[in-house]
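Accompanying notes for the structure given below.
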Amino acid sequence: MSDFLAVPRKDHDALVATAFLKRGFKADEVAPGVYLCAEAARHGVRPHIALRALYNDHYFGSKTGGCVPGAEVTVVPSRFPASETWNANKKFGPAVAYRAIDRAIELANEYGIAQIAVDNASPYLWGAGYVMAAAERGFIAYTHATSPLAEVAPLGGNRPTLGTNPHSWAFPTSPALGFPLLVDWITSNIDMYRVEACRSSGKELPADSAIDASGEVTTDPHRVHALLPFGTHKGYGLSLINEILAAFIGGSLPSLRGRLTENAREKNTATFYFQVIHPEALSSDNFGMGRNQLDNLKHVLADILRGNPDANIPGQMEAEFRHRSDEADALLFTQDEVDGFNQLASELGRDPLQAKPL
């Protein structure tokens, strides 16, 4: 028997929308957030289901001033036609991010490549969801963001001054693979959700994932002072990319992000960055054996997988879980997650979700 329970998507969406509306968000900004959370669940991405989104909003969003329901985006004047910078004015992250990826696709369709930089933002949650949407429309897309809190120590340090800072790439490989190739990672070895889970379960952390207050590596989740970048200098460098590009966009001191600031002129918000590329803009039209671009993509992927029958393509696990969800005509949640949703339903005076075994 499966570990998952099936919940009708419409019931999930109605409950989550009610929760965000009750917090003062407008219907037109709630809809993208509900959609993103549902898509995360549909693809089996547990850290970005709606329960986590509501948790994040409570600690970093509308409850603390990090997000302003009903805010409007301001587009900063620019002399570059395929490049835009926006001031999100702390508008709900998913509402801004979906609008940004749509605008980047529109510009890339005209200019071949486009970028949207977003300042003064609230967390956009599952970055991979946005670039995957672009890939499903035939574009190559990339995004990264600065995380709500600085929880990661730089290489050789012990003070947390970096976010877990995610990067996400998606490629329009559905004609070749049946799904978009999706490369999505955070730049720390683990995140704080994993630390919390280990604290609750009594398990140790993976090796080389965190340090204690004295800077010593620890596997004890109760002694964690800071997380560590994955791959030492590799994750550190990738995390720095987010922070330094954010500095060019308008992001302020990482150690202040997501925290109350005494100076009203200082900033504590996140930044986003989106880049979208039209595949035709990359083509040399000079592929081996007279292949066209799509045939060349298929041959390259086949060559990578040849002799590697057990190899996994990034995005494959998400695509397989999506198939399970679609076959069930529902979103799939664990019993603990269903219990969390039903606690939320009780608080909102709604009927509990009707979850059925697969």
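The values are calculated or read from the model by the stated rules, or taken from the named source; none is laboratory data. If you're wondering where the values come from, they're calculated on a predicted model, not measured in any experiment. FYI the Cβ positions are ideal-geometry reconstructions off the backbone, even for glycines, and counts take in every protein chain you see.
Overview of results
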| quantity | calculated |
| --- | --- |
| Cys67, sole failed condition from (1) out of contact with any Ser or Thr (no Cβ under 6 Å at 6 or more places or on another chain); (2) in a loop (DSSP other than H, G, I, E, B) | (1) |
| Of all residues making up the stretch 75-97, the number that are aliphatic (A, V, I, L, M), in a loop (DSSP other than H, G, I, E, B) and surrounded by fewer than 20 Cβ atoms within 10 Å (Cβ to Cβ) | 1 |
| Pair list, Cβ under 6 Å, 6 or more apart: the stretch 208-234 residue basic (Lys, Arg), other residue surrounded by 15 or more Cβ atoms within 10 Å (Cβ to Cβ) | Arg223/Asp212 |
| Qualifying position, being in contact with a strand residue (DSSP E or B) (Cβ under 7 Å, 6 or more places away or on another chain), modelled with pLDDT of 95 or more and over 27 Å from Ala104 (Cβ atoms), among Glu151, Glu204 | Glu151 |
| Residue check, Thr64 hydroxyl-bearing (Ser, Thr, Tyr), under 21 Å from Leu344 (Cα atoms) and in contact with a helix residue (DSSP H, G or I) (Cβ under 6 Å, 6 or more places away or on another chain) | no |
| Enumeration of residues in the stretch 233-248 that are assigned by TED's automatic domain parsing to the domain that holds Tyr142 and either within 22 Å of Glu196 (Cα to Cα) or modelled with pLDDT under 95 (or both) | none |
| Selection status of Arg199, touching a His at 6+ places or on another chain (Cβ under 7 Å), more than 22 Å from Val276 (Cβ to Cβ) and among the charged types (D, E, K, R) | yes |
| Pair list, Cβ under 9 Å, 6 or more apart: the stretch 158-178 residue of a type in the set (D, E, K, R), other residue assigned to a strand (DSSP E or B) | Arg159/Ala226 |
| Among (1) modelled with pLDDT of 95 or more; (2) more than 25 Å from the chain's Cα centre (by Cα) - the single one Gly340 does not satisfy | (2) |
| Residue within the stretch 3-23 that is buried (at least 22 other Cβ atoms within 10 Å of the Cβ), more than 27 Å from Glu320 (Cα to Cα) and either without any contact (Cβ under 8 Å) to a residue 24 or more places away in the chain or in contact with a Cys (Cβ under 9 Å, 6 or more places away or on another chain) (or both) present | no |
| Contacts under 6 angstrom Cβ, first residue in the stretch 249-267 being within 14 Å of Val118 (Cβ to Cβ) and not assigned by TED's automatic domain parsing to the domain that holds Thr85, partner surrounded by 14 or more Cβ atoms within 10 Å (Cβ to Cβ) and of a type in the set (Phe, Trp, Tyr), 6 or more apart | none |
| Residue tally, condition more than 20 Å from the chain's Cα centre (by Cα) and on the phi < 0 side of the Ramachandran plot, over the stretch 248-264 | 11 |
| Candidates Ala71, Ala108, Ala145, filtered to the one that is of a type in the set (Gly, Ala, Ser), touching a residue at least 60 places away in the same chain (Cβ under 8 Å) and over 17 Å from Glu280 (Cα atoms) | Ala145 |
| The stretch 276-295: number of residues that are over 30 Å from the mean Cα position of the chain (by Cα) and either surrounded by 14 or more Cβ atoms within 10 Å (Cβ to Cβ) or farther than 30 Å from Ala117 by Cα (or both) | 9 |
| Verdict on Gly202 being more than 14 Å from Glu151 (Cα to Cα) and of a type outside the set (Val, Ile, Thr) | yes |
| Residue pairs meeting the criteria (Cβ under 9 Å; at least 6 apart or on separate chains; first assigned by TED's automatic domain parsing to the domain that holds Ala19, in the stretch 329-358; second basic (Lys, Arg) and in a loop (DSSP other than H, G, I, E, B)) | Leu344/Arg350 |
| Residue under evaluation Leu332, criteria (1) loosely packed, with under 10 Cβ neighbours inside 10 Å; (2) under 25 Å from the mean Cα position of the chain (by Cα), criterion not met | (1) |
| Ala100 surrounded by 23 or more Cβ atoms within 10 Å (Cβ to Cβ), in the same structural domain as Asn268 (by TED's automatic domain parsing) and closer than 21 Å to Glu243 by Cα | yes |
| Sole exception among (1) within 21 Å of Ala104 (Cα to Cα); (2) outside the structural domain of Ala82 (by TED's automatic domain parsing) for Phe272, by number | (2) |
